[in-house]
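K.L.:
Have a look at this one.
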Protein chains: 4
Amino acid sequence: MKTRDSVKVAIIGASGYSGEELVRLLLSHPNTELTAITSRQYAGQTLAQVFPKFAHHPRAKGLRFSEPNSEVLAKHAQVVFLALPHGVAAEFAMPLLQHGALVIDLSADFRLKSAETYKEFYAHDHPAPELLGKSVYGLPEIHRSEIKGASLIASPGCYPTSVLVPAIPLVRDRLVKPESIIANSLSGVSGAGRKAELDYLFVECNESVRPYGIPKHRHLSEIEQELSLAAGHTVQIQFSPHLIPVNRGIISTLYLAPEKHFSTAAEMADLNERIAASYRKAYGNEPFVRILEGKPLPDTKNVNGTNVVEIAWRLDARTGRLIVMSALDNLVKGASGQAVQSMNVLCGFPETAGLI
Amino acid sequence: MKTRDSVKVAIIGASGYSGEELVRLLLSHPNTELTAITSRQYAGQTLAQVFPKFAHHPRAKGLRFSEPNSEVLAKHAQVVFLALPHGVAAEFAMPLLQHGALVIDLSADFRLKSAETYKEFYAHDHPAPELLGKSVYGLPEIHRSEIKGASLIASPGCYPTSVLVPAIPLVRDRLVKPESIIANSLSGVSGAGRKAELDYLFVECNESVRPYGIPKHRHLSEIEQELSLAAGHTVQIQFSPHLIPVNRGIISTLYLAPEKHFSTAAEMADLNERIAASYRKAYGNEPFVRILEGKPLPDTKNVNGTNVVEIAWRLDARTGRLIVMSALDNLVKGASGQAVQSMNVLCGFPETAGLI
Amino acid sequence: MKTRDSVKVAIIGASGYSGEELVRLLLSHPNTELTAITSRQYAGQTLAQVFPKFAHHPRAKGLRFSEPNSEVLAKHAQVVFLALPHGVAAEFAMPLLQHGALVIDLSADFRLKSAETYKEFYAHDHPAPELLGKSVYGLPEIHRSEIKGASLIASPGCYPTSVLVPAIPLVRDRLVKPESIIANSLSGVSGAGRKAELDYLFVECNESVRPYGIPKHRHLSEIEQELSLAAGHTVQIQFSPHLIPVNRGIISTLYLAPEKHFSTAAEMADLNERIAASYRKAYGNEPFVRILEGKPLPDTKNVNGTNVVEIAWRLDARTGRLIVMSALDNLVKGASGQAVQSMNVLCGFPETAGLI
Amino acid sequence: MKTRDSVKVAIIGASGYSGEELVRLLLSHPNTELTAITSRQYAGQTLAQVFPKFAHHPRAKGLRFSEPNSEVLAKHAQVVFLALPHGVAAEFAMPLLQHGALVIDLSADFRLKSAETYKEFYAHDHPAPELLGKSVYGLPEIHRSEIKGASLIASPGCYPTSVLVPAIPLVRDRLVKPESIIANSLSGVSGAGRKAELDYLFVECNESVRPYGIPKHRHLSEIEQELSLAAGHTVQIQFSPHLIPVNRGIISTLYLAPEKHFSTAAEMADLNERIAASYRKAYGNEPFVRILEGKPLPDTKNVNGTNVVEIAWRLDARTGRLIVMSALDNLVKGASGQAVQSMNVLCGFPETAGLI
């Protein structure tokens, strides 16, 4: 897409948590005009009625939820965000693309390159396998150049972002054995979406912590796809999600075996420097990756509401393992902020526009 | 100690979270009479003044905090619980034992057999190394017979209990490689004690999740000691604690490499059955260990307020790993309930007395 | 009912929050045998499957949810608890009573004496108006003698208990003007029941505080009925509930105009003493009412998990008002504990049996 | 102050919750350059070290906490914000003013016009009574014109803002009896400041709700001062704060007696319209006051992170009372946002600059 000053944007499925966060970001974005928001449930109501918190925003005036209609939306928006459940998003992508819109999909529908893997992990056939080759995995820190020319961006999931950003440089630089990776992840409840289910009631989540989806959570498929790309061969890893009682935030703690054994202090210092160098090379100029050196460790409260991923690591001389920890806001860098970042790349806006 | 109907008990350091929980349990225990509670800070005040929630308990009448005095306490109590910070507990143990009291220490002071390991992990010399050989590690599921004849019981920490109970049977039965163990643990904030520190303020913990103490938390020392005992050789493992915004509860997620590789469905079923058998043998008759078979996974809300450890496991055919998860209440099975359980064993009371 | 050692009890609707709390209390009660629990949703499943936290209770073995059948239940239980939504409970009461069971209803169905008031507040005709004259409002501190001979007990709501216990003595003793009462109440989310509704999702409640049901919440009707009884004439008051992000607990802050104006220090001291005397007379021997004198104010964390109501008051010399504050656990004294307390009274058990 | 494009600003006491929020707002403000932040505790450390969450802000580079020095600060900043405990702020105001700085004080030090009232409520003599006549109470919705020419602004407290914004129009327009006002307020824990005290530990606040400071909280003094100004005579009201387990947010529920009795539907409709008109007149053009008409009631989650006050009201035909509810973020409209709003007025910037 050629660079311009401003684009018209629309959100299909603007009443879930990711959709709501997109509304927040796009209302304040200096280069976007939010022209349409859709929701089957709230069609006809104004944004202020459904989300009173946006009522005072000067750019919110007149925004009203409509029924989703690809043809109409494509006329009024150059970029359309899909913030829909997986399986539903695919239905909208094809007609939107045909009508010339650029599509940024926050669901899992176009993240996997293989329709077979999709079926293995999502338990049904992919609804639009012909688009899988067309989509770009929208992790700007890894796929920035491909995003620039894309028409269909599959924005990564929250868990995958929290694992891939810290892991890919180390895998790419052959510092760790990819198949050794164990990712233990903790997520806030908004990650489950705005769904009226008993499991996500306040009383069921407050004062509760629990693993789930072990050992084969759906997000594992896209994590492995991207790690395999970085490794140059097929990689299978361990991934264990847990639900914790916060609204937002993910902590992923990764356990990795370094390629090279270290035992002396000198070997440890050397490996430590190589890890630091790997991160500096990968992210030294990235506006949204914060490598913590020194004592601090990641904390979700330092990233919530921002598009930043925090990363820290520790080598353990006793066990020979490397531990890498990351923190991000599952609704921003893990969903809507990342989608906006991809839009910035795609449209030639400053990459931090609307995000800092 | 010979069996009797009832014992007089005292608590030194009854105003912290473990002490408060001990008060709760001992007030309702059918075989104990709580004769003394001490606290330097609250000496002179009644239990009802310091903890209004106990005011209505009929056995709470007249209980008043006093300054700790080992000689006096040993006169009025056969069993004395120490719920003090590590380092402080050791000062009281010696005189109490000399005066004939049985001592159950909830601190870390007598958990390690090696004064050298103590110094390595606690950064100062052990204050009473001559007692280390005398103390028994008070995990009844593992050391019940030794507890029976002990005079000094070192009650295990909350994290160690959550790791050792699920890990020891598998290590003992040679089903897993001990040195492969990675324990990723999540703890509620009461685990940090009732300390006026900025890090544990509501606003600093709520909507925050964070790793800490990585890679060498103090509790690692007792975990490794007990795993080494079970393995028959020295074992070093990975242990990573995280702070999560709940009052109570620990989830430990363990990653283990099975001794025997499995790849076919039959091998996996066989290993699965051997794990189940190992747990059944170890805990089939244990009143406080709940092995979850079928779909459910551990959840802190199912154990909070109880002395139960929940355990579940999954084999991952893709990675060849075993994942074991446990849940417990850090103030009950992780501290005060476990201490009461040890007292029950020690005094010949029904092991579940006052705990169900 | 004539005194006996033990009764068989059943719970209809044992899978909601009140039902679950009843299970907890009745499993540990020394004078009850829990013979049946019903739930349409979970019929056929064991208690341990639906609520893993009860699995270790020795008296839980073999308890399985069944479909509710009044005739069968009345055969196997002398006392039947109804923990059902309002409107549904009434359907079960009649046949249970006909089959000779004693019924303790935790819903609002039999709390009002007037079918007309019921219709005004619940917006439909009462399903069994002929039973309204038979039921006893099960607030033991106020209606103990009537409870003793009752066959149908309407156990009070959580908000009403938090308002009536502190207000009735002052109204009865003519210390305050009843119509001046303003009750500002705060409730934990379990008060809304275990219902899969968006409003009660974790993310919608956490970091949220909100008034609702203003100015005419349904519970107002029973509050006014009981205050009118105490005053000897019809009373209308102000009642404003708010939802706060805790699992359990109610704080009610009452604003009242004293009957007698006070302005001098002596008048204030005199009124203060008369209030203290009123509470001592009413509750001096009550096992579950804790009058806080001195500095402490009520705090939900001091009553959660217990059947206690905490009460404190302050006179304001500047405004001439009396402020009374109460705290209780909405699931215990506000629901299931209170129902068990009524059962104890009804069956001639010690009133605190199973509750301390 | 004459209008200009940009001002240099400094924050004294930038490490508390209000100070941290000021940093957030001023870093993103289009018309300010944050030149200095002070903190005795953190002097010498960078902003990124103390608050990692700001590390990625492009305008944060090089900001380092310094010791507070009025002379130096006044040289490098035209506007200085004081985010200090009450009593401490006054020490800095005088020298800053003498050196020509404009001072916006977030503490209570200059809010009261009467040194006598200050002493009554704060229990010590005012440290700089000569400045009380000079300061302007920085509630822009009420005192905008005075703020324009001020050199010392006393930014209102969080509770007062939540009471005054909804109450003043009704008092000014003689729609309610001022002395009838009862304000029942609920506040998140950040209102207590970043202080290492047991009462504000996570475990003491989570799952706890409690009244405090009843009946004479310090904030009452400024509430009454401003209501008296609006009424034209001295007014005393009731104010009851409560602590609730959220990080941010205040709900105030006000009970008021209308000046004119209403009983018929027509009278009620008339009064309702007069209230609506009063609010429209007062706030129809205010960018940060949101009057909710229709069904919605205030909810802290709709204002958190914003400078907005939400207001709704209900007339109760049964009791003849008016209930007004408000919601705001205690750290934004209740502290730092309001201070920035005052700065915008003072400096001639758009009033919403940096706040929407």
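Yes/no matrix, rows are residues, columns are (1) within 30 Å of D:A353 (Cβ to Cβ); (2) out of contact with any strand residue (DSSP E or B) (no Cβ under 8 Å at 6 or more places or on another chain); (3) in contact (Cβ under 8 Å) with a residue 24 or more places away in the chain:
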| site | (1), (2), (3) |
| --- | --- |
| D:I250 | yes, no, yes |
| D:R274 | no, yes, yes |
| D:G284 | yes, yes, no |
| D:F288 | yes, no, yes |
| D:G294 | no, yes, no |
| D:G305 | yes, yes, yes |
| D:I311 | yes, no, yes |
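K.L.:
I would also like to ask the following. So which of C:A36, C:A14 ends up being assigned to a loop (DSSP other than H, G, I, E, B) and either among the acidic types (D, E) or modelled with pLDDT of 95 or more (or both)?
P.N.:
C:A14
K.L.:
Considering D:H99, D:H57, D:H86, which residue is out of contact with any strand residue (DSSP E or B) (no Cβ under 9 Å at 6 or more places or on another chain) and within 14 Å of another protein chain (Cβ to nearest Cβ)?
P.N.:
D:H57
K.L.:
If you take the residues in the range C:162-191 that are touching a strand residue (DSSP E or B) at 6+ places or on another chain (Cβ under 6 Å) and polar (S, T, N, Q), which one is farthest from the other protein chains (Cβ to nearest Cβ)?
P.N.:
Looking at residues that are touching a strand residue (DSSP E or B) at 6+ places or on another chain (Cβ under 6 Å) and polar (S, T, N, Q), I get C:S162.
K.L.:
Can we say C:K53 is at pLDDT below 95, buried (at least 21 other Cβ atoms within 10 Å of the Cβ) and in contact with a helix residue (DSSP H, G or I) (Cβ under 9 Å, 6 or more places away or on another chain)?
P.N.:
yes
K.L.:
Could you check the range B:308-350 and list, in sequence order, the residues that are away from chain A (no Cβ under 14 Å) and among the basic types (K, R)?
P.N.:
Selection gives B:K333 alone.
K.L.:
What number of residues in the range B:313-356 are hydroxyl-bearing (S, T, Y) and assigned to a loop (DSSP other than H, G, I, E, B)?
P.N.:
Here the count works out to 2.
K.L.:
Turning to a different aspect of this structure: Residues in the range C:197-205: is at least one at pLDDT 95 or above, in a loop (DSSP other than H, G, I, E, B) and away from every other protein chain (no Cβ under 11 Å)?
P.N.:
Within the range C:197-205, none of the residues are at pLDDT 95 or above, in a loop (DSSP other than H, G, I, E, B) and away from every other protein chain (no Cβ under 11 Å).
K.L.:
Specify the residue that is nearest to the other protein chains (Cβ to nearest Cβ); the eligible residues are those in the range B:236-271 that are small (G, A, S), closer than 26 Å to B:R318 by Cα and buried (at least 21 other Cβ atoms within 10 Å of the Cβ).
P.N.:
So, considering only residues that are small (G, A, S), closer than 26 Å to B:R318 by Cα and buried (at least 21 other Cβ atoms within 10 Å of the Cβ), the one nearest to the other protein chains (Cβ to nearest Cβ) is B:S240.
K.L.:
Give the residue that is nearest to D:M325 (Cα to Cα), with candidates limited to residues of the range D:283-307 that are in contact with a Lys or Arg (Cβ under 8 Å, 6 or more places away or on another chain) and more than 14 Å from chain C (Cβ to nearest Cβ).
P.N.:
D:I291
Listed here are the residues, each with its yes/no results for (1) under 24 Å from B:I153 (Cβ atoms); (2) surrounded by fewer than 18 Cβ atoms within 10 Å (Cβ to Cβ); (3) touching a Ser or Thr at 6+ places or on another chain (Cβ under 9 Å); (4) not polar (S, T, N, Q).
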{"site": "B:A276", "(1), (2), (3), (4)": "no, yes, no, yes"}
{"site": "B:K295", "(1), (2), (3), (4)": "no, yes, no, yes"}
{"site": "B:K301", "(1), (2), (3), (4)": "no, no, yes, yes"}
{"site": "B:V309", "(1), (2), (3), (4)": "yes, no, yes, yes"}
{"site": "B:A312", "(1), (2), (3), (4)": "no, no, yes, yes"}
{"site": "B:L315", "(1), (2), (3), (4)": "no, no, no, yes"}
{"site": "B:V324", "(1), (2), (3), (4)": "no, no, yes, yes"}
{"site": "B:A335", "(1), (2), (3), (4)": "yes, no, yes, yes"}
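Here is a yes/no grid of residues against (1) assigned to a helix (DSSP H, G or I); (2) on the phi > 0 side of the Ramachandran plot:
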{"position": "C:K134", "(1), (2)": "no, no"}
{"position": "C:P166", "(1), (2)": "yes, no"}
{"position": "C:R174", "(1), (2)": "no, yes"}
{"position": "C:E179", "(1), (2)": "yes, no"}
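K.L.:
Next question, about the same structure. Considering (1) in contact with a Pro (Cβ under 9 Å, 6 or more places away or on another chain); (2) surrounded by fewer than 21 Cβ atoms within 10 Å (Cβ to Cβ); (3) not in a loop (DSSP other than H, G, I, E, B), say which one C:H233 fails and leave the rest.
P.N.:
(3)
K.L.:
Within the range D:199-214, does at least one residue satisfy the condition of being closer than 22 Å to D:A108 by Cβ, buried (at least 24 other Cβ atoms within 10 Å of the Cβ) and among the polar types (S, T, N, Q)?
P.N.:
No, the range D:199-214 contains no residue that is closer than 22 Å to D:A108 by Cβ, buried (at least 24 other Cβ atoms within 10 Å of the Cβ) and among the polar types (S, T, N, Q).
K.L.:
Looking only at the range D:55-72, decide whether some residue is in a helix (DSSP H, G or I) and in contact (Cβ under 8 Å) with a residue 40 or more places away in the chain.
P.N.:
Looking through the range D:55-72, none of the residues is in a helix (DSSP H, G or I) and in contact (Cβ under 8 Å) with a residue 40 or more places away in the chain.
K.L.:
Please specify each residue of the range C:211-227 satisfying the condition of being part of a helix (DSSP H, G or I) and without any contact (Cβ under 8 Å) to a residue 40 or more places away in the chain.
P.N.:
Correct list: C:E224 only.
K.L.:
Whether any residue in the range B:101-113 is acidic (D, E) and within 29 Å of B:N285 (Cα to Cα) is what I want to check.
P.N.:
For the range B:101-113, residues acidic (D, E) and within 29 Å of B:N285 (Cα to Cα): present.
K.L.:
I'd like to check something: does the range C:320-341 contain any residue that is over 21 Å from the mean Cα position of the chain (by Cα) and not hydrophobic (A, V, I, L, M, F, W, C)?
P.N.:
yes
K.L.:
Looking at the range C:148-161 only, could you name the residues that are under 19 Å from C:N307 (Cα atoms), part of a helix (DSSP H, G or I) and either among the basic types (K, R) or in contact with a strand residue (DSSP E or B) (Cβ under 7 Å, 6 or more places away or on another chain) (or both)?
P.N.:
C:C158, C:Y159, C:T161
K.L.:
Please state which of the following conditions A:R290 fails to meet, knowing it meets all the rest: (1) surrounded by fewer than 22 Cβ atoms within 10 Å (Cβ to Cβ); (2) under 20 Å from A:I251 (Cα atoms); (3) of a type outside the set (A, V, I, L, M, F, W, C).
P.N.:
The failed condition is (1).
K.L.:
Could I ask something else about it? Pick out the one residue from A:S185, A:S190, A:S208, A:S145 that is at negative phi, in a loop (DSSP other than H, G, I, E, B) and among the polar types (S, T, N, Q).
P.N.:
Result: A:S208 is the single residue among A:S185, A:S190, A:S208, A:S145 that is at negative phi, in a loop (DSSP other than H, G, I, E, B) and among the polar types (S, T, N, Q).
K.L.:
Sticking with this structure for a sec: Within the range D:293-312, how many residues turn out to be within 16 Å of C:L243 (Cβ to Cβ) and not in a loop (DSSP other than H, G, I, E, B)?
P.N.:
Number of matching residues: 5.
K.L.:
Just to be sure I understand, how many residues within the range A:272-320 are at positive phi and modelled with pLDDT of 95 or more?
P.N.:
2
K.L.:
While we're on this one: Can you tell me which condition B:Q45 does not meet? The list is (1) out of contact with any strand residue (DSSP E or B) (no Cβ under 9 Å at 6 or more places or on another chain); (2) on the phi < 0 side of the Ramachandran plot, and all the others hold.
P.N.:
Status for B:Q45: all satisfied but (1).
K.L.:
Sticking with this one: Kindly provide the set of residues from the range D:89-121 that are under 18 Å from the mean Cα position of the chain (by Cα) and at pLDDT below 95, ordered by number.
P.N.:
D:A89, D:A90 - these are the residues of the range D:89-121 that are under 18 Å from the mean Cα position of the chain (by Cα) and at pLDDT below 95.
K.L.:
Please indicate, with yes or no, whether at least one residue in the range D:109-117 is surrounded by 15 or more Cβ atoms within 10 Å (Cβ to Cβ), of a type in the set (V, I, T) and in a loop (DSSP other than H, G, I, E, B).
P.N.:
The answer is no, given that none of the residues of the range D:109-117 is surrounded by 15 or more Cβ atoms within 10 Å (Cβ to Cβ), of a type in the set (V, I, T) and in a loop (DSSP other than H, G, I, E, B).
K.L.:
Another question about this same structure. Given the structure, is A:L271 touching a helix residue (DSSP H, G or I) at 6+ places or on another chain (Cβ under 7 Å) and under 19 Å from A:K177 (Cβ atoms)?
P.N.:
no
The values are calculated or read from the model by the stated rules, or taken from the named source; none is laboratory data. Keep in mind that this is a model prediction, so the values were computed, not measured. Positions of Cβ are generated from backbone atoms using ideal geometry, with glycine treated the same way; all protein chains shown enter the neighbour counts.
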